[in-house]
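Let me begin by presenting the structure, written as structure tokens, before commenting on it.
Quick note: the coordinates plus some simple rules give every number you see, no bench work behind them. The model shown is predicted, which means the values in this text are computed figures rather than measured ones. No Cβ is skipped: glycine too gets one built from the backbone with ideal geometry, and neighbour counts run over all protein chains shown.
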Amino acid sequence: MVIIAILLSGAAFGLCAGALYRSSAADAVSAAERVIVIDAGHGGIDAGVTGILSGVKESDINLSIAKKLKSYFAEAGFATVMTRTSNGGLYGLPTDGFKTRDMQKRKKIIEDCGADMVISVHQNSCPLKSRRGGQTFYDKNSACGKSLAESIQASLNEMEECVKRSSALTGDYFMLKCTESPSVIVECGFLTNAEDEKLLCDPEYQNKMAYAIFKGAVSYFG
């Protein structure tokens, strides 16, 4: 089975992800018919949270991981759409109401492409600086969103850098409610934790994180 092949390929971080997924013509057709929307959270004047040591912007890390995630899906034969491909936001002019315009633009992108899955990439923060690790969120009214979030969370929990296994949680967020397609928010780590911040600024770790998200998402389809 193609899903088993991908699950066993974690050490390679997707080196042969496309070949593994396209193990048969049927698999290739199945992947090509699925549209994955990858949403890099924040952007432009909305930087999100910042690293406590480096001052790195959440929006920049989101975009970097989102691009890597897109590459995994694309190589595996999926149709992929990114809501944001540059450091800018999606709100037009930075005037009053920019956040609402930004969210509505993301919703329109999701609707226009007929998304089969939406993965929104973010970074977390917490006043308790010891909090760390990846966390997925889903809308409480979405059974498919819950299933997707649990699948991705299980993959995050398998990462060697995972210090504490977590469960997928419900969240009251626009990106989880703006579509009937399975939609999740993946908080890749805490920029308020020094250890997480160091990892999240490392391109190699970003690649591992993107692969873990990809692997969990593909497992959901299985």
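Multiplying the sequence separation of Glu195 and Arg101 by 0.36 nm and subtracting their Cα-Cα distance, what value in nm do you get?
Answer, rounded to one decimal: 30.4 nm.
Tell me which DSSP H helices of the chain clear both cut-offs, 18 Å or more of axial length from alpha-carbon atoms and a mean Kyte-Doolittle hydropathy of at least -1.0.
Qualifying helices: 58-75, 143-157, 203-221.
Sorted from fewest to most neighbouring beta carbons within 10 Å, what does the list Ser183, Ser120, Ser64 look like?
Ser64, Ser120, Ser183
What FRET efficiency do you get for Cys162 and Ser54 if R0 is 25 Å and r is their Cβ-Cβ distance, rounded to the nearest 0.05?
0.70
Would you pull out the residues with amide H under 5 Å of Thr80's amide H, same chain only if 5 or more places away, H placed 1.01 Å from N?
Amide H to amide H, under 5 Å and 5 or more residues apart or across chains, Thr80 pairs with Ile36.
Can you tell me the FRET efficiency between Leu93 and Glu180 if r is taken as the Cβ-Cβ distance and R0 is 25 Å, rounded to the nearest 0.05?
Step by step, r from the Cβ atoms, then E = 0.20.
Where a ≥ b ≥ c are the square roots of the eigenvalues of the C-alpha gyration tensor, would you call segment 125-174 rounded, which needs a/c under 1.5, or, failing that, prolate if a/b is larger than b/c, or oblate?
oblate
With respect to the cross-link table entries Lys105/Lys208; Lys70/Lys129; Lys146/Lys198; Lys177/Lys208; Lys67/Lys105; Lys68/Lys140, which display a Cα-Cα separation exceeding 26 Å?
Pairs exceeding 26 Å: Lys105/Lys208; Lys70/Lys129; Lys146/Lys198; Lys177/Lys208; Lys68/Lys140.
For the chain, the longest stretch holding no GluC sites (Glu not before Pro) located in a DSSP loop with at most 15 other Cβ atoms within 10 Å is which?
By the stated rule (loop sites, at most 15 other Cβ atoms within 10 Å), 34-157.
Give, in whole angstrom and from largest to smallest, the semi-axes √(5λ) of the equivalent ellipsoid of the chain, with λ running over the eigenvalues of the Cα gyration tensor.
They are 25, 21, 16 Å, listed largest first.
Which loop trypsin sites (Lys or Arg not before Pro) in segment 117-222, with loop taken from DSSP, have no more than 16 other Cβ atoms within 10 angstrom of their Cβ?
Lys129, Arg131, Lys140, Lys164, Arg165
Identify the residues of segment 142-158 with backbone N under 16 Å of a label point that sits 7 angstrom from the Cα of Thr170 along the Cα-to-Cβ direction, or state none.
In segment 142-158, the label zone of Thr170 (backbone N under 16 Å from the point 7 Å along Cα→Cβ) covers 142-150.
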